[in-house]
Amino acid sequence: MAKTKSAYFCQSCGYESAKWLGKCPSCNSWNTFVEEVIEKPGASVPAWQTSGSTKRSNKPNKITNIAFSEENKLSTNDLELDRVLGGGLVAGSVVLIGGEPGIGKSTLMLQLALNITGKKVLYVSGEESEQQIKMRAERITSNPTADCYILTETSTQNIFKQIEVLEPDIIVVDSIQTLHSAHIDSTPGSVSQVRECTAELLRFAKETDTPVFLIGHITKDGAIAGPKILEHMVDTVLQFEGDRHHVYRILRSIKNRFGAAAELGIYAMHSGGLRQVSNPSEILLSQRDEELSGIAIAATLEGARPMLIETQALVSTAAYGTPQRSATGFDTRRMNMLLAVLEKRCGFRLSTRDVFLNIAGGIKVEDPAIDLAILAAIISSHEDIFISSKICFAAEVGLSGEIRAVNRIEQRIAEADKLGFERIFVSNYNLKGLITDKYKLEITGVNKIEDVFSLLFG
Ligand code: TYD
Ligand code: MG
């Protein structure tokens, strides 16, 4: 009798071991090993499962002889998604979309299935019933003319059977953690199941040139649940993020074999589904007439996309012995560093003050060019002097208070100019070789953080 083969897997990182271990040698977490059956005796082998496919044998091909054209990318009829995918959907690609529960992953994918033109889409759901999906579709679109099929199924073997009959052009799987393959005996969502199901779908995608979207759950610390290897296997990893209490959602590409990573798409969640946001700056800036202190605007760049974002700071007397420092949408450690720069280089006494920081719109910014705006907002609140809403900032601040250059300054300046700003503060180093007279706004180059404050607050 054939023996059942099993192995132990770390449920946190996917490390495989022949015997049980208390501590994972790969990710150092304790008590995460679970035995999983990796091969069932006598399991039949389906078309997508044959390892080392015998269908075609590949020969080396000279790179200059390989035909490729940009037109191979299929538009999804969603400009934001196209942008994040690097210009469109590539045949045979596998795209993994991760995000918190309730953020809108299923909505985004169903919307894609309903909006794409001239393609047959199969939406496989292991999470919702046909009626639930229909209800959602009713909310999203009123004309259900799309060539979209719903399959509520979790066994990959059955899914492939249906695919052979239906022959869809695009497949959406919601979610990879609900699938299970008959070749593996462990429960859906376990490391070996997730890995096996992804591998089967991957093989299917590559052999039939069908694009596949996988929705993935994330763990409580934000990583995509399942083995890290999942992210290595797929072609593109997108993350859908945002604050559930805000309407804005950001689709970010973390990995993309077919385009620039760190691209960004912005959506707003409405009662009728997700709506694309093509001019983010205009909404991320609050329309204010009053002169409020503690607000400064940063000309940031997310991916290739310039965005003007409002940063807000509140500096108040600490109510307790230890002052509070909290930041929303910005790294707290970086904020502490910037506060230390203010103390040391500019002599502001902030050690007895609470400092709260907020990036408007509930979005997260990683671009270091936001530094100067953050410092300006903090000082504006500290001194209670407002900064004109026609001024913006684009520079990184170094540990000695020096103002450092940032990349693609022209793009930032052009966006600020377009939105009617009158002045932008940048690093002096950024001014080299910059043609300044094509912009209406005044470009002020600065060297040190003190210079900015004397120009701003006198
Ligand atoms: P969903 O796509 O189910 O999230 P996920 O698949 O990532 O778990 O999104 C659910 C949320 O979106 C839910 O809180 C309701 C909201 N929503 C709207 O606000 N408008 C809509 O048209 C739809 C379909 C959902
Ligand atoms: Mg869902």
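The values are calculated or read from the model by the stated rules, or taken from the named source; none is laboratory data. Values in this document were obtained by computation on a predicted structure and should not be read as measured data. Here the Cβ positions follow ideal geometry from the backbone for every residue, glycine too, while neighbour counts run over all protein chains shown. Side chains are part of the model used for accessible areas, which takes the heavy atoms of the whole protein and leaves out ligands, DNA and RNA. Shrake-Rupley method; radii C 1.70, N 1.55, O 1.52, S 1.80 Å.
What to note about this one:
- Highest mean packing first, where packing is the average number of other Cβ atoms within 10 Å per residue, the peptides 331-344, 172-185, 304-317 line up as 172-185, 304-317, 331-344.
- Over every Cα atom in the chain, the radius of gyration and the widest Cα-Cα span, Dmax, amount to 25.9, 87 Å.
- With every protein chain in place, the chain: carbon and sulfur % of accessible area (1.4 Å): 50
- The gain in end-to-end length when the Thr328 to Arg139 segment is fully stretched comes to 64.9 nm, 0.36 nm per residue minus the alpha carbon separation.
- Summarising the label geometry, the points placed 7 Å from Cα in the beta-carbon direction at Ala7 and Ser29 lie 1.8 nm from one another.
- Rolling a 1.4 Å probe across the protein heavy atoms gives the chain an accessible surface of 48 Å² per residue.
- Ordering of 392-402, 369-379, 121-131 by packing is 369-379, 392-402, 121-131, highest average first (other Cβ atoms within 10 Å, averaged per residue).
- Leu431-Ser388 FRET efficiency (beta carbon distance; Förster radius 22 Å; 0.05 resolution): 0.55
- Both the radius of gyration and Dmax for the range 360-458 are 13.0, 37 Å, in that order, over alpha-carbon atoms.
- Within the chain, helix-based [θ] at 222 nm, where runs of 4 or more DSSP H residues each add -39,500 (n - 2.57), nearest 500: -7500 deg cm²/dmol
- Free-standing Cys residues across the chain, given no other cysteine C-beta under 4.7 angstrom: Cys148, Cys197, Cys346, Cys392
- Only Cα sites of the range 76-278 enter the Debye sum here, all with the same form factor; the resulting log10 I(q)/I(0) across q = 0.09, 0.10, 0.12 1/Å is -0.30, -0.37, -0.54, listed in q order.
- Gain in span if fully extended, Glu410 to Gln276, counting 0.36 nm per residue against the direct Cα distance: 45.7 nm
- Pairs of Cα atoms nearer than 8 Å and 6+ residues apart set the relative contact order; for the chain it is 12 percent.
- Of the beta bridges in the range 76-278, as assigned by DSSP with both residues counted there, near 40 percent are antiparallel.
- When Rg and the Kirkwood Rh are both derived from Cα coordinates, the Rg/Rh ratio for the range 282-457 amounts to 0.94.
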